[in-house]
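Undergrad: What follows is a structure written as structure tokens; I'll ask about it next.
The values are calculated or read from the model by the stated rules, or taken from the named source; none is laboratory data. It should be emphasised that the depicted structure is a prediction, and the values quoted were computed from it without experimental measurement. For neighbour counting, all protein chains shown are included, and Cβ atoms are generated from backbone atoms with ideal geometry for every residue, glycine included. Quick note on the areas: whole protein, heavy atoms, side chains included, nothing else; ligands and nucleic acids left out. Shrake-Rupley method; radii C 1.70, N 1.55, O 1.52, S 1.80 Å.
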Amino acid sequence: MEEDLKANLATETTGKPIICKVCRKAGEALVIEDIEVAPPKAWEVRIKILCTSLCHTDLSFWKLDLGPIAAFPRIFGHEAVGIVESVGEHVEEVSEGDTVVPVFFPECGDCRDCKSSKSNVCTKFVNKYYNAMPRDEVGRFKDMFGEPIHHFVHVSSFSEYTVVDITQVVKISPQLPVEKACLLSCGVATGIGAVWKVARVEEGSIVAIFGLGAVGLAAVQTAKLQGASMIIGVDSNPEKEDIGKRFGITNFIDPKSCGEKKPSQVIKELTDGGADYCFECIGSAAVMQDAVESSREGWGRTVILGVEPRGIPLSLDCLDILKGKTVVGSLFGGIKPKLDIPALVQKCMNEELNLDGFITHEVSFHDINKAFDYLIQGQSLRCIIWMDK
């Protein structure tokens with residue numbers, strides 16, 4: 001069956017432009033129209049997307065109408081799983097018919113940072129050119145009038161087909177259901193990695209997690225697996241309390257219900273001095289500061305996962321740092337895509353990780369605007385968007 005799939009893909013589309021249905025409009029309801037997806041060049045892979053999901057990062061950039069990265073028209077989407085349709089020259093690690101996860105975070109395997117266990121940030125392919133391909137800075141999408149359509153974080157999975165650099169393609173086992181594999185390409189993997197690889201939470205630790213979206217809940221689940229004795233969830237949506245408890249929180253704090261106190265004060269009272277580990281999963285400088293204040297003097301460690309879209313600086317008390325608190329940032333939760341995502345896939349197949357609870361909705365590609373509505377209204381953790389259903 002796999003050989004038949006490879007043969008069909010090769011016969012129908014290899015080396016040819018493809019006319020696809022894609023979502024293109026931003027800042028308002030997305031629309032679907034035909035576009036042309038170019039064949040892959042050297043070091044590139046063209047992928048037939050099976051399913052994709054909507055992340056808060058997509059939503060944030062969808063709203064963004066100012067600045068150099070606010071480029072439109074654009075194809076959004078960066079959490080996905082698909083099948084390799086064709087490959088360009090010099091691509092050896094994947095071939096037609098392979099199941100793959102495209103990721104926004106590159107791993108070249110050659111630079112000093114990729115070779116080091118201390119970082120997951122590739123310095124050979126720094127994410128500078130979000131609007132096109134990373135090597136030649138030229139896009140692979142055109143509309144039916146020949147006008148270019150911008151990429152999004154080098155993935156653009158809200159398309160039936162996309163072209164991705166090989167440094168951002170991870171081959172995975174086809175045995176894991178694709179809707180679960182899809183979740184490992186961004187948010188869920190970020191939360192898992194932050195606890196597992198960055199903080200390295202120990203058994204008996206006290207953990208506070210700010211923001212109980214998909215990233216935060218993945219951190220909750222992993223902290224529980226690591227044996228944390230107290231897991232405090234902080235979220236301004238009171239409905240997240242029951243959801244958080246299903247994933248493993250032991251205590252819930254709604255900042256709106258704290259009266260004149262800040263969450264950090266409540267956490268210090270609950271924990272007799274502060275949490276051992278704090279995780280900021282929202283992307284707010286004010287929340288980042290409160291997370292740092294919530295950590296314990298002497299060894300409290302705060303991991304920043306949220307992206308502050310307004311560029312507001314983080315203000316820290318120098319005395320807190322002198323007393324032993326540490327703050328560390330982490331992109332993609334310290335995950336090295338080609339090394340760690342296959343390991344997470346195996347953990348899922350071994351039932352060490354449970355991803356079922358993250359999928360709250362499923363829609364067809366033609367109903368993609370419903371996924372935006374669910375996320376904006378706070379009803380969704382992850383909505384799976386199926387290309388062929």
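Undergrad: Please state which one of V164, V188 is assigned to a helix (DSSP H, G or I), among the aliphatic types (A, V, I, L, M) and surrounded by 15 or more Cβ atoms within 10 Å (Cβ to Cβ).
TA: V188
Here's the yes/no breakdown for (1) open to solvent by less than 20 Å² (accessible area, probe 1.4 Å); (2) modelled with pLDDT under 95:
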position: L183; (1), (2): yes, no
position: G227; (1), (2): no, no
position: G233; (1), (2): yes, no
position: N237; (1), (2): no, yes
position: P255; (1), (2): no, no
position: K268; (1), (2): no, no
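Undergrad: For the subset of segment 97-127 comprising residues that are hydroxyl-bearing (S, T, Y) and farther than 24 Å from I47 by Cα, which member is surrounded by the most Cβ atoms within 10 Å (Cβ to Cβ)?
TA: Looking at the filtered set, the residue picked out is S119.
Undergrad: More than 23 Å from E203 (Cβ to Cβ), among the charged types (D, E, K, R) and assigned to a helix (DSSP H, G or I), is that true of K256?
TA: In short, yes.
Undergrad: Could you look through segment 141-161, keep only residues that are of a type outside the set (A, V, I, L, M, F, W, C) and open to solvent by 10 Å² or more (accessible area, probe 1.4 Å), and pick out the one that is farthest from the chain's Cα centre (by Cα)?
TA: In this case the residue turns out to be G146.
Undergrad: Condition first: closer than 19 Å to E352 by Cβ, open to solvent by less than 20 Å² (accessible area, probe 1.4 Å) and not in a strand (DSSP E or B). Can you find one or more residues in segment 168-176 that meet it?
TA: Yes, that holds for at least one residue.
Undergrad: Take S380 and decide whether it is surrounded by 18 or more Cβ atoms within 10 Å (Cβ to Cβ), in contact with a Phe, Trp or Tyr (Cβ under 7 Å, 6 or more places away or on another chain) and of a type in the set (S, T, N, Q).
TA: Answer is yes for this residue.
Undergrad: Can you tell me which residue in segment 69-96 is surrounded by the most Cβ atoms within 10 Å (Cβ to Cβ), limited to those that are touching a Cys at 6+ places or on another chain (Cβ under 8 Å) and among the β-branched types (V, I, T)?
TA: V81
Undergrad: Kindly evaluate L66 against the criterion of being within 20 Å of the chain's Cα centre (by Cα) and either modelled with pLDDT under 95 or buried (at least 16 other Cβ atoms within 10 Å of the Cβ) (or both).
TA: no
Undergrad: Let me confirm something: among F365, F358, which residue is in contact (Cβ under 8 Å) with a residue 60 or more places away in the chain and either open to solvent by 80 Å² or more (accessible area, probe 1.4 Å) or more than 14 Å from A181 (Cβ to Cβ) (or both)?
TA: Result: F365 is the single residue among F365, F358 that is in contact (Cβ under 8 Å) with a residue 60 or more places away in the chain and either open to solvent by 80 Å² or more (accessible area, probe 1.4 Å) or more than 14 Å from A181 (Cβ to Cβ) (or both).
Undergrad: Working only within segment 205-221, note down all residues that are open to solvent by less than 10 Å² (accessible area, probe 1.4 Å) and either out of contact with any Pro (no Cβ under 9 Å at 6 or more places or on another chain) or among the aromatic types (F, W, Y) (or both).
TA: Of everything in segment 205-221, those that are open to solvent by less than 10 Å² (accessible area, probe 1.4 Å) and either out of contact with any Pro (no Cβ under 9 Å at 6 or more places or on another chain) or among the aromatic types (F, W, Y) (or both) turn out to be S205, V207, I209, F210, G211, L212, A214, G216, L217, A218, A219, V220.
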